[in-house]
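One structure is given below, encoded as structure tokens.
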Amino acid sequence: MPEERGECAIGRGVAQTRYIRLGGELILTSSKGEHFLFRVTGLFTADSEILTNDLIVLKNQDVIEFFGMPENRATDLVVQVYNEREVPVIAYKITEMFPGTRPITRSEIIRTYETVFNWRSGMVLAMFAGALAAFFILAWDKATGLSAEERKEIGILKAIGWNTSDILTLKFWEGVVISLTSFLTGLILAYIHVFFLGAPLIVPAIKGWSVVFPDLRPFPQVNPNHIVVILVATVFPLCVKHFNPVVEGSGNRPRYGDEGLRLCRPITGE
Amino acid sequence: MSAEVLIETIEVSRIYNPGMPCEVKAVDRISLKINRSDVVVIKGPSGSGKTTLLSLIGCMSRPTEGKVLIKEKDAVKLPESFLTQIRRDTFGFIFQQLHLIEGITVEENVMLPMYPLGARLDDIKDSAEKLLKKLDLLKKKSYKIKQLSGGEKQRTAIARALINNPEVILADEPTAHLDTALSEEFMSILYDLNQEGKTLIIATHDPLVYQEPYITRIIEMRDGAVL
């Protein structure tokens, strides 16, 4: 922080815009067209970017001189209250004493951020719920019966000498391979989308039109618990639902030629 | 010395929807004997029961009445797992609609009947390639079924029927979707198979098939009965 007049501390956004490093000089022009030169003695760190990106901190006298303000006037005041429960009371008292002021408490700031992000996370949750519903509809569709193509395939296999256990083994491994491949593909694509491409499909939904500092950059992290949960929630049900109708369908005879039809019809019982 | 009887049906019948108003007697008390290396044509109009009789002979359907003897064993009484084994070891099927699996290659289709035998994958591939070469399909072994012409599909179905080296080939209306040239080509392949000792049973109403000189017997059917 600046310790003497003529010094300043600046945020990273200001430093980048003005191409200034620590120890450099910041020239500001006042509303009257006067130029003021400040030496940069402090640079706010990236961790505090959300609050300090476009911040310039000067000594009181420099601020008064730059803006041409009367010496006894302030625009913003920071009030530290040691007992947190007293904060609303003190804010109320300040409003009573100085009717033109607007106290902003820390809890109000937190609540504002939470509101901004919570409704957006709700939006993402709604999209996710849609995807989940689609998955379960698909799984249910698989579970409730075989398609005409699958019936035909099982019929062909039975007719050319496959027995029930051969078909069940084939379908079991088919289910495992399909669901595991889908799971791994989804996981890898999600990882690439979030960690390498910066999640272009979900960031607009989370950030909206607002500009959030620092940039929303998810960092690579693979959580084994998450993977196990997704695996259990997707692969196992899909395997079972892939397998279940086949169990019903493959136990029947090929029935080639039955009812005058020339199709393999393995499903309906005799 | 009399020829060896391979298949015999004794008073075999197949009734669909028995006891219902829509009851159909597709096969009505048919008795016949088929010897090893015979070339038998089951001839008759659509709906005469040819396909049903073929399915009874091939153990794909159980008769409502009567017996089907395969090498003197009553197949009707056998449990499903034994029938599967008989279908696998004794019969090669060529279906009217061919029933090839579209999503896999020619070679994979041909290999299908051999998988359940538990043979090594290399051996299965070797067998498939030999057959594909014999039927002039080796160059197309990696093609998907939909990329093949009608004749090539037909030959793929023949290769699949032959991979387990069955004693009997059952063909249901095999020339129904082929032009004259392809039908003649198909019949010449069947002739070669018969020369190798295979028994052929063909259900058809195509004169081009039942007028072939190497046919040893024609069974004519109408309304489920042999005329």
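Values computed for the structure shown
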read-out: Charge dipole (debye, nearest 20) of chain B; +1 at Cβ of Lys and Arg, -1 at Cβ of Asp and Glu; value: 360
read-out: Dipole of the stretch A:1-62, positive end: most advanced residue of A:Val14, A:Val40, A:Leu28 [Cβ charges, Cα centre]; value: A:Leu28
read-out: Label-to-label distance, nm, for residues given as B:Lys144 and B:Glu212 (7 Å Cα→Cβ offset); value: 3.2
read-out: Area of A:Met69 that stays accessible when all protein chains are in place (1.4 Å probe, Å², to 10); value: 40
read-out: Furthest towards positive pole of dipole, A:Met97, A:Phe183, B:Thr51, structure part the protein assembly as shown, Cβ charges; value: B:Thr51
read-out: Theoretical ellipticity at 222 nm over chain B - DSSP helices of four or more residues, -39500 (n - 2.57) apiece, nearest 500; value: -9500 deg cm²/dmol
read-out: Label zone at A:Thr185 (point 7 Å along Cα-to-Cβ), backbone N below 17 Å, the stretch B:91-134; value: B:103-104
read-out: Förster radius 56 Å - calculated FRET efficiency between A:Asn223 and A:Ile94, Cβ distance, rounded to 0.05; value: 0.80
read-out: Average other protein chain Cβ within 10 Å of Cβ, residues A:159-171; value: 6
read-out: Inter-part distance where the stretch B:146-206 and the stretch A:77-119 are each reduced to a Cα centre, Å; value: 89
read-out: Tensor-based shape of the stretch B:47-126 (alpha-carbon gyration tensor, a/c under 1.5 rounded, otherwise prolate or oblate); value: oblate
read-out: Sites B:Tyr16 and A:Thr75 - FRET efficiency at Förster radius 56 Å, r taken between beta-carbons, to 0.05; value: 0.05
read-out: FRET efficiency for A:Leu138 and A:Val232, using Cβ-Cβ distance with R0 set to 25 Å, rounded to 0.05; value: 0.90
read-out: Rounded, prolate or oblate (a/c below 1.5 giving rounded, otherwise prolate when a/b exceeds b/c) for chain B by Cα gyration tensor; value: prolate
read-out: Amide H contacts under 5 Å for A:Arg39, placed H, 5+ residues apart; value: A:Glu7, A:Cys8, A:Leu26
read-out: Whole-Hz ³J(HN,Hα) from phi, Karplus 6.51 cos²θ - 1.76 cosθ + 1.60, for the stretch B:29-42, glycine and proline x; value: 6, 9, 10, 7, 10, 10, 8, 4, 6, 5, 10, 10, 10, 9
read-out: Residue-by-residue Karplus 3J(HN,Hα) for the stretch A:148-160, coefficients 6.51, -1.76, 1.60, Hz, glycine and proline x; value: 4, 5, 5, 4, 4, 4, 5, x, 4, 4, 5, 5, 8
read-out: Net dipole in debye of the stretch A:7-76 [+1 Lys, Arg Cβ; -1 Asp, Glu Cβ; about Cα centre; nearest 20]; value: 160
read-out: Cβ-placed point charges (K, R +1; D, E -1), dipole of the protein assembly as shown about Cα centre in debye, nearest 20; value: 360
read-out: Prolate/oblate/rounded label for the stretch A:15-87 (Cα gyration tensor, a/c 1.5); value: oblate
read-out: Residues listed by number, the stretch A:42-56, amide nitrogen under 13 Å from A:Tyr113 label point at 7 Å toward C-beta; value: A:47-53
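The values are calculated or read from the model by the stated rules, or taken from the named source; none is laboratory data. Only a predicted model underlies this, so the values are computations on that prediction, with no experimental measurement involved. Every residue, glycine as well, gets a Cβ built from its backbone with ideal geometry; the counts of neighbours run over all protein chains shown. When the accessible area is computed, the model is the full protein with side chains, heavy atoms only, and any ligands, DNA or RNA have been set aside. Shrake-Rupley method; radii C 1.70, N 1.55, O 1.52, S 1.80 Å.
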